[in-house]
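A.B. asks: Mind having a look at this structure? Questions to follow.
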Amino acid sequence: MKKVGDTPELLENFSERDQECFQPIFNYDVGRRITGFEIYAIRNHATDAKFSLTWETWKQTNIILRLKTKDGYEGVSCVTSFDVHEFNENHLKDLEKAIVVMISIQSIDPLVVSQRLESMIPDIGDLTKSSIDIALWDIAAKRADCTLADFLGAQRNKIDAYASLPCYQSIDLYLKNINYYFAQGYKTLKLHVWGSINKDKRLINIINEKFKGTSVRFMLDFEGVYNFHDALKLGQLMDKELFICIEAPIEDDLFDDYRKLKNALPITIIPDGFDLYSIDHLETGILKQSWDAGRFDASIIGGVTEALKLLIVANKANLPIELQCWGHGLVQLVNLHIILANKNSKFFEVPTPIDVYEFAMKDVILINKGFVYAPKQSGLGVNIDWDILLTADYCKQITRGFS
C-alpha cells in the first residue's frame, strides 16, 4: 500500500471521494488542544464467556477513554482486554503515558498521531494506539457535525445483523438460545462451538435435522482449534442450505490449508483475525486466495486509521471484510460505523446476551427485525453515564487535566 501523509488523504483513498473539505477538521491550534482525559477500566462478571471448551473462561475488562478539548468536544473510545486472570493495570499506565506523549505532538490528525506515537514509543501496544485513535476520530466526526460512518463515506444506513452466541455446556442450551434469538428477528446466528470433534459433529447433525427447511442460517466459529482434516470433515457434514460461514476453522497462518478448505467447501471461509491482522498478512492471504472474506476488529488493530489501511488493500482485491464486534457497546459502535462505510461488508455481529454489553450506555445500538441501524448523533453516536461506570464489579479510574 502506498504511504499516505495525513488523514484526509487516507480518507480519500478509502472512500474514493474528494476529502479536501475535511482538511480544516484536522488542523491543529491551541484552541483545539486536549485539556484533560479520563480512563476507566471496568469489568462486569456478566460478560465472562467461553468461546470453546478447549479454552478457559475469558474475562473482559473494558478500557474506556474520554478525551476533552479546549473548544468543548469530547472524544470517547473503548478497547477490551481479554484475559483469564486478573486485569493487568499496566494497560492503564501505558495508555496514560501515551496520551501525555500524544499531547506533546500537538496534532489532532489521527494518522499523524499514530505515526508519531509509533516512533516516540517503539513498544506501544495496539490496544493503546486503538484507544487514542478512535477517540480522535470521534472528535473529528463531531467537529464535522456528522456520524463517524458519514464522515468515512457511508454506503448505507442499515445492515444485516447476526446474533453471536457464546459456547454453551449442552445441546439443550444451544437449541434454547437459537430459538430465542431467531424469534427476536435474527435470520442468521453464529455459534461458538465446543472444539471437540465428536461433540461438534453431534451439534451439526442436530442442527441439520431440526432446522432443515427453515429460514434460519448458521455461522460456526471453530476458534482455530482444528487441523485441516478435521475442519474439512466437519464442513462436509454441514447442510449447505443452512450453514453459510465457517470462521477460524484452523490457525490463521495456515494460508495453503485455508485455500484448500475454501475450494473444497460450498461455505464462506474466513479467518479469526484476532491476533494476525497486519497488511503483510492480509496481502499474503489475498495472494494465496486463502479466504472468501477477511476479518479483524478496529478496536484491537490500532483503531480506525489502521482499519482503513487494511480495507483499502482488501477493497482493491475485492475481498469482503466482516469485522468482529464482540465487546462493549462502544467497541461494537466503532466497528459498526466502519462496516456501514465499507462497500464490501455484509454483516454486523451482535454479541449475546445483548443487555450485558450495554452497561452505562444511555443510547443503545438500534437493532430491529434482524437489521442494525446507523446512530443518529454525531461521532460514535452514543452518550455514556459516567457515574454508572463507577458501579462496575471492578473499576479503576485515572483522571488528569492540563493547563
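A.B. asks: Let me see the pair-distance distribution of segment 150-373: every alpha carbon pair, 10 Å bin width, integer percents in order.
C.D. replies: 8, 34, 37, 19, 2
A.B. asks: Please state the relative contact order of segment 150-373 as a whole percent: Cα pairs under 8 Å, 6+ residues apart? Please list the in-between numbers first.
C.D. replies: Numbers: 408 pairs, mean separation 51.6, N = 224.
Across segment 150-373, relative contact order equals 23 percent.
A.B. asks: Using Cα positions and a limit of under 20 Å, work out the lysines in reach of LYS70, with same-chain residues fewer than 8 apart set aside.
C.D. replies: LYS142
A.B. asks: Still on this structure, please answer the following. If the cut-off is a Cα-Cα distance under 14 Å, which aspartates and glutamates reach LYS346, setting aside same-chain residues fewer than 8 apart in sequence?
C.D. replies: ASP160, ASP292, GLU322
A.B. asks: In square nanometres, what is one fourth of the surface area of the convex hull spanned by the alpha carbons of segment 1-54? The partial results should precede the final answer.
C.D. replies: Working: hull surface 35.0 nm².
Mean projected area for segment 1-54: 8.7 nm², to one decimal.
A.B. asks: Could you work out the relative contact order of the chain? I mean the mean sequence separation of Cα pairs under 8 Å and 6+ apart, divided by the number of residues, in percent. Intermediate results must be reported in sequence, preceding the final value.
C.D. replies: Values: 824 pairs, mean separation 85.5, N = 403.
Here the relative contact order equals 21 percent.
A.B. asks: Rg and Dmax in Å for the chain, alpha carbons only: what are they?
C.D. replies: 20.8, 66
A.B. asks: Here's something else I'd like to know. For segment 40-163, report the convex hull volume of the alpha-carbon atoms normalised per residue, in Å³, without decimals.
C.D. replies: Values: hull volume 18.9 nm³, N = 124.
Spread over its residues, the Cα hull of segment 40-163 gives 152 Å³ apiece.
A.B. asks: Using a Cα-Cα cut-off of under 16 Å, which aspartates and glutamates could be cross-linked to LYS199, ignoring same-chain neighbours fewer than 8 residues away?
C.D. replies: Filter leaves ASP172, GLU209, ASP221, GLU223, ASP230.
A.B. asks: Please give the calculated 222 nm ellipticity per residue for the chain, where each DSSP H segment of at least 4 residues contributes -39500 (n - 2.57) and the sum is spread over every residue; nearest 500 deg cm²/dmol? Could the numbers behind the result be given before it?
C.D. replies: Numbers: 14 runs with 150 residues, N = 403.
Taken over the chain, the calculation gives -11000 deg cm²/dmol.
Quick note: the coordinates plus some simple rules give every number you see, no bench work behind them. Keep in mind that what you see is a predicted model, and the values were worked out from it rather than measured.
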